[in-house]
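FYI, it's all coordinate maths here, none of it is from the lab. Bear in mind the structure is a predicted one, so any value in this text is a computation, not a measurement. Ideal geometry is used to build each Cβ from the backbone, glycine not excepted, and the neighbour counts take in all protein chains shown.
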Amino acid sequence: MAHDTAHQHHDSNAAKKRIWTVFGILSVLTIVEVIFGYIRPSFFVETEFVSMSILNWLFIILTIVKAYYITWAFMHMEHESKGLRRVVVWTGVFLICYLIAILLIEGAYIEEVYTKGYITWDF
Amino acid sequence: MDNTAVAKTGTEGRLWGGGKQPLKASYGKLMMWFFILSDALTFSGFLAAYGFSRFKFSSEWPIADEVFNHFPFLHGTDAPMFYVALMTFILIFSSVTMVLAVDAGHQMKKDKVVTYMALTILGGLIFVGSQAWEWSNFIKGEYGAVEMRSGKILQFVDANGDRIALEKVAMGEQESLRERQTESEGIWYMDEKALPSVTLDQVKTGFAAQNDLRVRTMKLNEDGEKTILDRETSLDYLNNRGIGIIEGANMTKNEYGAPLFADFFFFITGFHGFHVFSGVVILCIIFFNVLLGTYEKRGSYEMVEKVGLYWHFVDLVWVFVFTFFYLV
């Protein structure tokens, strides 16, 4: 019995440590985002990679990293079974990617129709 | 009895062979995960629609740093995004207290669960309050703009390119000094929207008299800044294309630029705020159940864990809203 309690105590300390570490990571990432969003270094704004500035890539990648930590550590996805993890994450990631791709391609196409001068839209 | 049993399937012992719980989660937790998944798809639908509209108007979308630059008690200073960043921290921190409450629940420590849940509720309330403040600033507006025939807007700047409010541009007497028609005073219960504080004629007069003023259009130049027209073109645009005054924002018009910008702002942050609000309500219910000792008697604090999942999801969505609405 004494052994069990000691074991649980140890587990709880590890869990708390994990929580505060993740909080630290999330805070640092947010601060980095805000600093970059405030300064907007011209190199990051002007350099493009796959038709988007690398500043925006940075924001999006940092956001996905934050999402990973929230889901894995705070929502305990890391302790769930492999099956549950895949059911939730794969489904979500696939459908969201599909949705985004199709809508952004359409949006860019409509912008092109506007700017190519088929329609007067500033009068 | 024996002959009612199913013949051996040959899959005994396999994970998905039946008689096992492959996902190792209770029904309630599983359903919370599936709810979160579907809700995540709803939110990504909204954000993708926002992306669609932004791509469609990519050459004239409002600049978020110019719109969301208020900070409480620092009136008039330009503080882009700092307030939203603060809100993000409040929400992340309430997520931390929530996960601490779940952790305390695992150890059956009722008092700690109570403390941490109370802190989480407090964080949620502060966040909803901050969002209300953000909304009120957005609706009220700061500088005002002139609407053109095409539905696009003109904003005013001085020689340095700094924004000038309509009241400072406007000059001369207000021609028609009439009162706003309200339902209680008007004929046949008709009313109208709030009247602008200045008239278009006053703005035109004032603009003609002050030589250093320019207008800027919604169009973004190569540096990602709004195009400032020269003096002649400014006068031409204002006098020949201007049809009205826009102050603040509503669902159809706003002084920031594309009308869709305000629509998406209201819709996405509103839907998220509604989630935070309902999260606070659910947290309160669970909180009182904890106080009453319901889960102590039940021998499991899994309910705290389930509401925790929802609360973290709200935080997760905000991380994305923050990026796509304020940063990108």
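In units of the rule-of-thumb radius 2.2 N^0.38 Å, the range B:200-328 shows an alpha carbon radius of gyration of 1.79.
For the peptides A:92-104, B:120-132, residues were scored by their other Cβ atoms within 10 Å and the scores averaged per peptide; the highest-first order is B:120-132, A:92-104.
Quantify how strongly other chains surround peptide B:216-228 by giving the mean number of their Cβ atoms within 10 Å of each of its Cβ atoms. Present the calculation step by step, with values, prior to reporting the outcome.
Working: counts 0, 1, 1, 1, 0, 0, 1, 3, 4, 0, 0, 0, 0.
Whole-number average of other-chain Cβ neighbours for B:216-228 is 1.
How many partner chain Cβ atoms sit within 10 Å of a residue's Cβ in peptide B:105-113, on average, as a whole number?
Details: counts 0, 4, 5, 0, 1, 0, 0, 0, 0.
Going residue by residue through B:105-113 and averaging, the value is 1.
Each peptide in B:20-32, A:52-64 receives the mean, over its residues, of other Cβ atoms within 10 Å, and ordering these scores from highest gives A:52-64, B:20-32.
Placing unit charges on the Cβ atoms only, positive for Lys and Arg and negative for Asp and Glu, gives chain A a dipole magnitude near 500 debye about its Cα centre. Rg/Rh for the range A:1-79 (Cα atoms only, Rh after Kirkwood) is 1.24.
Taken residue by residue and averaged, Cβ atoms of other chains lying within 10 Å of the Cβ of B:316-323 number 6. Considering only A:Leu58, A:Ala101, A:Thr71, the residue lying farthest towards the positive end of the dipole of chain A is A:Thr71, judged by Cα position with unit charges set on Cβ.
Projecting the Cα atoms of B:Asn254, B:Ser300, B:His272 onto the charge dipole of the range B:200-328, computed from C-beta unit charges around the Cα centre, puts B:Ser300 farthest toward the positive end. Take the Cα of B:Lys20, go 7 Å toward its beta carbon, and the backbone nitrogen atoms of the range A:80-97 under 12 Å from that spot belong to A:82-83.
Please give the FRET efficiency for A:Lys116 paired with B:Gln107, using the beta carbon to beta carbon distance and R0 = 56 Å, rounded to the nearest 0.05.
0.30
Pick out, in residue order, every one of the GluC sites (Glu not before Pro) in the range B:95-165 that is DSSP loop and has at most 13 other C-beta atoms within 10 Å; say none if there are none.
On the way: sites: B:Glu134, B:Glu142, B:Glu147; in loops: B:Glu142.
In loop regions of the range B:95-165 (DSSP not H, G, I, E or B), there are no sparsely surrounded GluC sites (Glu not before Pro).
With springs connecting C-alpha atoms under 10 Å apart, model chain B as a Gaussian network and identify which of B:Gln181, B:Gln155, B:Gln210 has the largest mean-square fluctuation. Most flexible of the set in this elastic network: B:Gln181.
What you get for the protein assembly as shown, charging only the Cβ of Lys and Arg (+1) and of Asp and Glu (-1), is a dipole of about 2000 debye around the Cα centre.
Against chain B, whose longest principal axis comes from its Cα atoms, helix B:200-209 is set at around 60 degrees.
Here each label is just a point 7 Å from Cα along the line to Cβ, and for B:Val114 and B:Thr77 those points are 4.1 nm apart. In this simple spin-label model, placing a label point 7 Å from the Cα along the Cα-to-Cβ direction at both B:Asn239 and A:Ala14 gives a separation of 7.9 nm.
May I ask which of B:Lys20/B:Lys109; B:Lys56/B:Lys152; B:Lys152/B:Lys219; B:Lys56/B:Lys226 have a Cα-Cα span longer than 20 Å here?
Table pairs above 20 Å Cα-Cα are B:Lys20/B:Lys109.
Taking max minus min of the alpha-carbon positions on each principal axis, the protein assembly as shown gives extents of 95, 51, 47 Å, largest first.
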